[in-house]
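Remarks on the structure that follows.
The values are calculated or read from the model by the stated rules, or taken from the named source; none is laboratory data. Keep in mind that what you see is a predicted model, and the values were worked out from it rather than measured. Glycine also receives a Cβ, built like all others from the backbone with ideal geometry; neighbour counts cover every protein chain displayed. Calculation scope for accessible area: heavy atoms of the full protein, side chains included, ligands and nucleic acids excluded. Shrake-Rupley method; radii C 1.70, N 1.55, O 1.52, S 1.80 Å.
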Amino acid sequence: MTLRLYNTLTKKKEKFVPIKEGKIGIYVCGITAYDVCHIGHARSAVVFDVIYRYLKYRDYEVTYVKNFTDVDDKIIGKANAEGTDIYDISERYIKEHNEDMDRLGVVRPTVSPKATDNINGMIRLIGTLMEKGLAYVVDGDVYYSVEKFEGYGKLSGRGLDDMLAGARIDVDVKKKNPFDFVLWKSSKEGEPWWDSPWGRGRPGWHIECSVMSQRFLGDTFDIHGGGEDLIFPHHENEIAQSEGATGKPFATYWIHNGFIKVDSEKMSKSLGNTLTIKEILAAYHPEVVRFFILQSHYKSYIDFSDASIAEARVGMERVYTMLKNIKDALNEGADLSDTSEKDLSGEDEKVWGKVSTLPDRFREAMDDDFNTAMAMGYIFDTVRIINGYISKNFAPTRESLFVLNEARERIRELGKVLGLFLEDPDEYFEKDKEREARKSDLDVEEVERLIDERKRARESKDWHRADELRDLLSAMGIIIKDTSISTTWKVK
RNA sequence: GGCGGCAUAGCCAAGUGGCUAAGGCAACGGUCUGCAAAACCGUUAUUCACCGGUUCGAGUCCGGUUGCCGCCUCCA
């Protein structure tokens, strides 16, 4: 089986062929550290996290680089406003970023370089571009001359002439062409600066990624990723810088994730509808957030709303209910060491057939441009099969327990790739209950008192009173579940 | 103005030439249950925005129409 992925550069789904067999270098543009991360950052991070995990699952040796932009106008602005320096600001938001990502279960990249640790490299690269005649200096600013780079626009699919036609860009008299972009900016009063051959200044936005990708992955590497908004101008400019300097191809494959909208509107600071990761994690389990993101293909836009994330929570419960069913059936005591699939027959064998092929189907889906939506569809098929298996005439034999145990192993193995289904089901439901109770301001003691009262009513077969109490709880948003030994509850 | 994307059931969402159009949520009927809940079984798109075309065969390819959206300015 071969991995195929959609390449923004060619606008086609292509067979993936790494530069060095068995090894993959991937570079993803990270955040500018000037504010807390929002749900959009979460999507990008989760999408590339799953890509990273899947490539490793497929036995590639992956070097994953994701940078932090720690010098930039907005960071400087915030530092000046707070009377501190840029490092104070960037370190604060990098720390917040890392906390958020850890909570979301996002695996740390192999390397997370910072722009300010690579200033010398940037100066060197800009020097090369000057030598090659691709850059020019005006009053201490260095600009990239886009007209000098053949192929400018190849990633975003637009030509310079097209763009000039109806361009909505400010005319900058210093630039030879309006699309020329700054490589090095002379620093003004109150701005951080570094010495350079062109005077004291600081780097432009795009140059850092060319330098850091080259440093950690080489002149040419396999995959470059980021949000779809970065295609132009950021990634286009990276190509111009890197290929202009080295004369070699930059990245082979370009992957861009789609945006998250909030209530069908683009999320933006100006609309005031940004939703931070912290806000969402206060209301939902991290796996629910991942599940919500991975339910759709990474390239399509997804619409975040209270209703859509709540629906993801319900879907998630379905999987954990199955894991709970397996856990209870196995009762953590069975010794299955001397059982194997050769011992199976009848229904056990049939279910085993479905269970054992799940990883193949999962892989087939993921190989097709990381189709997590389809992969999860297969997992849900398995959930239904297992629940059915347990519910009808289930006898806990050595064989059936073996099948259940194997099913759980498979789900967990694939869950590790998606970063899902990794909690103990009892803990999952316990946390969910706490979180939901907090959200709806429930008095948990009151709930448990009512459940206790209902329990007594049921024991004396006072069904009328028991139903009355259940209706009362239901009105409070509580759903109760009676089992042979106890009563459990959850928030609707 | 330029470039690009999307349109699949009540909602969300897979599916890019060929068995009965995945899966989730919701709804309804049934099994189970004191009654529920959960789970399971069944039902819910003869049809994939619309109109043409290519093909033995199209949701899937081509052309056109309509509608929605994104990028072109910092943005994941």
Legend entry - Inter-centroid distance (Cα atoms) of region A:84-144 relative to region A:213-230, Å: 14 Å
Inset, instruction - Report, in cubic angstrom per residue, the convex hull volume of the C-alpha atoms of chain A. - result: 174 Å³
Inset, instruction - Report the local net charge at A:Thr63: Lys and Arg +1, Asp and Glu -1, summed over other residues whose C-beta lies under 12 Å from its C-beta. - result: +3
Legend entry - Kirkwood Rh in Å, taken over region A:217-328 so that all alpha-carbon pairs contribute: 16.9 Å
Legend entry - Cα→Cβ-extended label distance, 7 Å offset, between A:Lys299 and A:Lys132, nm: 2.9 nm
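Fully extended, how many nm does the chain gain between A:Arg456 and A:Ala81 (0.36 nm per residue separation, minus their Cα-Cα distance)?
Length difference between fully extended and current span is 128.7 nm.
Which whole-number percentage describes the relative contact order of region A:122-214, with Cα contacts under 8 Å and a sequence gap of 6 or more? Show your work: numbers first, answer last.
Working: 106 pairs, mean separation 27.2, N = 93.
Answer for region A:122-214 is 29 percent.
Could you work out the local net charge near A:Ile19, counting Lys and Arg as +1, Asp and Glu as -1, over the other residues with Cβ closer than 13 Å to its Cβ? Don't skip to the end; give the middle numbers.
Working: positive: A:Lys20, A:Lys23, A:Lys248; negative: A:Glu21, A:Glu61, A:Asp219, A:Asp222.
Local net charge: -1.
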Legend entry - Relative contact order, percent, chain A [alpha-carbon distance under 8 Å, six or more residues apart]: 15 percent
Inset, instruction - Compute the Rg to Rh ratio over region A:440-491 from the alpha carbon atoms, using the Kirkwood formula for Rh, and round to two decimal places. - result: 0.94
Legend entry - Helix A:346-367 vs. chain A, principal-axis angle (Cα, 0 to 90°, nearest 10): 10 degrees
Legend entry - Among A:34-40, A:189-195, A:55-61, the order from most to least packed when residues are scored by Cβ within 10 Å on average: A:34-40, A:55-61, A:189-195
Inset, instruction - Compute the length gained on full extension between A:Arg465 and A:Asp441: take 0.36 nm times their separation in residues and subtract their Cα-Cα distance, giving the result in nm to one decimal. - result: 6.1 nm
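Just to confirm a number: summing +1 for Lys and Arg and -1 for Asp and Glu over residues other than A:Lys490 whose beta-carbon lies under 15 angstrom from that of A:Lys490, what do you get? Intermediate values should be presented prior to the final figure.
Details: positive: A:Arg313, A:Arg318, A:Lys324, A:Lys431, A:Lys433, A:Arg435, A:Arg438, A:Lys439, A:Arg470, A:Lys481, A:Lys492; negative: A:Glu317, A:Asp426, A:Glu427, A:Glu430, A:Asp432, A:Glu434, A:Glu436, A:Glu448, A:Asp482.
Local charge sum for A:Lys490: +2.
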Legend entry - Cα extents of region A:4-283 along the three principal axes, largest first (Å): 50, 48, 37
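Arrange the peptides A:300-313, A:420-433, A:67-80 so that the one whose residues have, on average, the most other Cβ atoms within 10 Å appears first.
On the way: A:300-313: 14.6, A:420-433: 16.7, A:67-80: 19.6.
With the highest mean Cβ count within 10 Å placed first, the list reads A:67-80, A:420-433, A:300-313.
Whole number in Å², please: accessible area per residue of chain A, 1.4 Å probe, ligands, DNA and RNA not counted. The partial results should precede the final answer.
Values: 23120 Å² over 492 residues.
Each residue of chain A exposes 47 Å² on average to a 1.4 Å probe.
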Inset, instruction - Compare the peptides A:122-134, A:201-213 by average per-residue count of other Cβ atoms within 10 angstrom and give them in order, highest first. - result: A:201-213, A:122-134
Legend entry - Computed [θ] at 222 nm, helices only, for chain A once each DSSP H run of length n ≥ 4 contributes -39500 (n - 2.57): -15500 deg cm²/dmol
Legend entry - region A:352-412, accessible surface, carbon-and-sulfur percent (1.4 angstrom probe): 48 percent
Legend entry - Rg to Rh, two decimals, where region A:307-426 supplies the alpha carbon set and Rh follows Kirkwood: 0.97
